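Worksheet: the structure to be examined is printed underneath.
The values are calculated or read from the model by the stated rules, or taken from the named source; none is laboratory data. Treat the numbers as computed from the prediction; the structure is a model and nothing was measured. Neighbour counts run over all protein chains shown; Cβ positions are idealised from the backbone, glycine included. Surface areas here come from the heavy atoms of the whole protein model, side chains and all, with no ligands, DNA or RNA. Shrake-Rupley method; radii C 1.70, N 1.55, O 1.52, S 1.80 Å.
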Amino acid sequence: MANYIIIGGDGKEYGPVTTNDVRQWLAEGRLNAQSLVKAESDAEFRPLEKFPEFADAFAAQTPGIIAPLKSSAGFLERDYELDLVGCITNGWELVKNNMNRLFVATLFYLLIEMAIGGLSNIPIVGAIFSIANFVISGPLMGGLFYLFIRVNRKEPAQVGDMFAGFRRSFGQLFLGTFIQGLLVVACMIPFLIILLVKLLPILPQISQLSHLQPGATPDKETVNALVSALLTGLPVGLLCAIPATYLGVCWKFTLPLIIDKQMDFWTA
């Protein structure tokens, strides 16, 4: 089976890849008829449509609707099928076969988040680290997605690609995380209002509960008021969780779409 070198939409060379890889990339819209390719035995690159072994792939496609590599053109119009078992199986194979890069990158991500989280607990200066974590969490997670995507596509990928979000789509990744979180939290506003109304009158008593000496008995009236507030808000909280969960699931691919397809945050 022949192997090929491909020039991607970013101008970089990828490969060698097999005939099956090329066909798969064509089907996914990551290559088109004008993508520059050469076989390992060729001296020069030429458009993919010039290769007779891929003529049948173009015959079944309507000219002009295939998105170029790295482009979001036509992406939104495509349908898809979701195979949950296949996703889990393929995901495990991906991680198992690329454990060195993916495990190390994920470990770095967790250590960075844990370090910033710990520093956020420091009095006064902790607020600075909290703000920093708020700003970088989206680009950092987007970069981790970018690394997994490149490994999955058999493109050149290094652990350092986990920081690609800071150079490729920093602003959009930040907005994608911030606006998504803001809208999900907005779903919980009725629940928060009820808790606030119920708890505000007894805040001084609740504060005293946290300062009780070991073995001391908490004020029964305060405990009853606290339980009443929680029980009153619970049904509303469960109802609010339905749209919050739904939107959170719908928007799960926001960051991968931003970092990979270079979409703006609202479209993603």
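A simple spin-label model places the labels of T245 and M114 3.0 nm from each other, with each point 7 Å out along Cα-to-Cβ. The residues packed around A2, meaning those with a beta-carbon under 13 Å from its beta-carbon, carry a net charge of -2 if Lys and Arg are +1 and Asp and Glu are -1. Taking every protein chain into account, the accessible area of region 2-43 amounts to 46 square angstrom per residue (probe 1.4 Å).
Note on region 81-184: with neighbouring protein chains present and a 1.4 Å probe, carbon and sulfur make up 73 percent of its accessible heavy-atom surface. Legend: residue pairs K12/K154; K50/K154; K96/K261; K154/K252; K12/K252; K12/K96, Cα-Cα distance threshold 19 Å; pairs beyond threshold, K50/K154; K96/K261; K154/K252; K12/K252; K12/K96.
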